[in-house]
Amino acid sequence: MSQSFASANDTQEQKASVLELAKGVYGYVSDYDPNCGFIVGDEGVLVIDCRATPALAREMIADIKTVTDKPIQYIALTHYHAVRVFGAAAFGVDAIFASTGTQKLIEERGEADRESEIRRFPRLFKGAEEIPGLTRPRVTFDREITFRFGGRDVHLRHIGRGHTGGDTVVWLPGDGVVFAGDLVENKCGVYTGDAYMTEWPDTLERLRDLGAHAMIPGRGAAVTDKQTVSEAIDSTKAWLFAVLGNVEHGLRQNWSLKQIFETTRERMVPGFGDWPIFEHCLPFDVARAYDELRGHEHPQIWTAERDAALWQALRD
C-alpha cells in the first residue's frame, strides 16, 4: 500500500478568500488549507492564527488591506502547530495571545514540529527560510481571557483538550460567531497526532453549548447557521469515534499496529475516504489512538525521523 509521504505531493495552490460573517468579523477561508480570520476594531485589527510562513502571512495582510487600512494590533493563536503560527513575524506585533497549554507545546516541541510539518506538507511552507524562530505569545491565560474590541466582547477560551492540549476558541457571543481552530474540521481529514482523543468529544459538546450560528472550522468551508455548525461538530466526532473504535477493536484482537491501521483504513474509506488529507492524517491518527488507548496520556513528540519511520511501517 505504498503512498507518497503525507501531503508531500500536494502541489495544488489554493487562494484563501475573505468572508464576512458579521459586521467587522471575517473568516480567511481556503478549500482545505488551514483557515484563519480577523476582527476589525475601532483602531486596529485582531488576527486569528497567522499562517505558516511570513510569505504566506503577507498574502493575508494584503487581503486584510482590501477590507480596512487599520493597523494589525493583536494576534490570537487557536493552538500550536507550525502551520498556524510561523507567519507571525510578518505582522510586526508583540501582542500575541495564547493559552498556557499552547505556550507549553511551543517550548516542548516547537522546533521538532516545525521540521516535521515542513516535510509533511511543503506547499504550506512557501518561503520557510524566512521563518526567524519560534513564535511565542506575550499574553497567556489558563482558561479564558475576555476583552472589548471593536465594540464587542471577544472571549478567548480554552474549553478543554482535544486537537492539542492547548486549544482555544475565539467566541463572539454578540455576533454568534466562533473561530474553532482545528477542534472542528468541515469534511476534511481530522488530524489527531497530538490529540487527547478520548476527551475531544466532550470538548466538542462544550463548543456546541456556546450556541454559535456561524463558525470558521480549522479546515473546510465556513458554516453559517446553527444546523451546519452542529453538523460539522458531529462529523468531526464521527471521525474520532471511527478511529478510536477501530483501534480499540484491534487492540482487543492483539493485532499489530499495521494490522490495526489497515483495517481502520478499510473501514473508514467508505465514509471518509473522499475527505481532503484523509490519507495524510490516518497513519498519525491511528498511532496516537494506539498509544492513548494503551495508557499513554500525553502525545509523543513527532520528529521528522519518527514521521518517516511510522510511514514506512504502515504505508510501504
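Please treat every number below as a calculation from the coordinates, not as lab data. Because the structure is a prediction, the values reported are computed rather than measured. Neighbour counts are summed over all protein chains in view; Cβ atoms, including those assigned to glycine, are modelled from backbone coordinates with ideal geometry.
If you restrict to DSSP beta bridges whose two residues both lie in the stretch 142-297, what percentage is antiparallel, to the nearest 5? Before the final figure, lay out each step's value.
Values: 13 of 18 bridges.
Taking every DSSP beta bridge within the stretch 142-297, about 70 percent pair in antiparallel fashion.
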Compute the distance from the alpha-carbon center of the stretch 229-287 to that of the stretch 171-205, in whole Å.
17 Å
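If you build the convex hull over the alpha carbons only and average its shadow over all orientations, what do you get for the chain? Give it in nm² to one decimal.
Numbers: hull surface 57.8 nm².
Mean shadow area of the hull around the Cα atoms is 14.5 nm².
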Cβ density ranking, 10 Å radius, fewest first, applied to Met268, Met197 yields Met268, Met197
Which of the lysines could be linked to Lys226 by a straight reach, that is with a Cα gap under 19 Å, when you skip same-chain ones fewer than 8 residues away?
Lys23, Lys187, Lys237
Most exposed to least, judged by fewest other Cβ atoms within 10 Å, Ser116, Ser256 sort to Ser256, Ser116
In units of 2.2 N^0.38 Å, what is the alpha-carbon radius of gyration of the stretch 171-216?
1.21
Where does the chain land at 222 nm, in deg cm²/dmol rounded to the nearest 500, when only DSSP H runs of n ≥ 4 count, each adding -39500 (n - 2.57), divided by all residues?
-12000 deg cm²/dmol
Rounding to the nearest 10 and keeping the result within 0 to 90°, find how far the Cα-based axis of helix 54-65 lies from the longest principal axis of the chain.
40 degrees
Could you work out how far helix 226-252 tilts from the main Cα principal axis of the chain, as a 0 to 90 degree angle to the nearest 10?
30 degrees
Scalar couplings 3J(HN,Hα) for the stretch 306-314 by Karplus 6.51 cos²θ - 1.76 cosθ + 1.60 (θ = phi - 60°), nearest whole Hz, x for Gly and Pro, are 5, 3, 5, 5, 5, 4, 5, 5, 9
In degrees, nearest 10, range 0 to 90: what is the angle between the Cα axis of helix 100-120 and the longest Cα principal axis of the chain?
60 degrees
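When Lys and Arg each count +1 and Asp and Glu each count -1, what net charge do the other residues less than 12 Å away from Ala214, Cβ to Cβ, add up to? List each step's numbers first, then the result.
Details: positive: Lys226; negative: Glu20, Asp175, Asp225.
It works out to a net charge of -2.
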Determine the percent antiparallel among the DSSP beta bridges restricted to the chain, to the nearest 5.
65 percent
Provide the net charge surrounding Trp302, with neighbours chosen by a C-beta distance below 14 Å and charges set as Lys +1, Arg +1, Asp -1, Glu -1.
-4
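Can you put Ser17, Ser99 in order, fewest other beta carbons within 10 Å first?
Details: Ser17 13, Ser99 27.
The order, fewest Cβ neighbours first, is Ser17, Ser99.
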Name the residues whose placed amide hydrogens come within less than 5 Å of the amide hydrogen of Val184, ignoring near sequence neighbours (fewer than 5 apart) on the same chain.
Gly218
Counting only DSSP loop positions in the stretch 1-54, the GluC sites (Glu not before Pro) whose Cβ has at most 15 other Cβ atoms within 10 Å are Glu13, Glu43
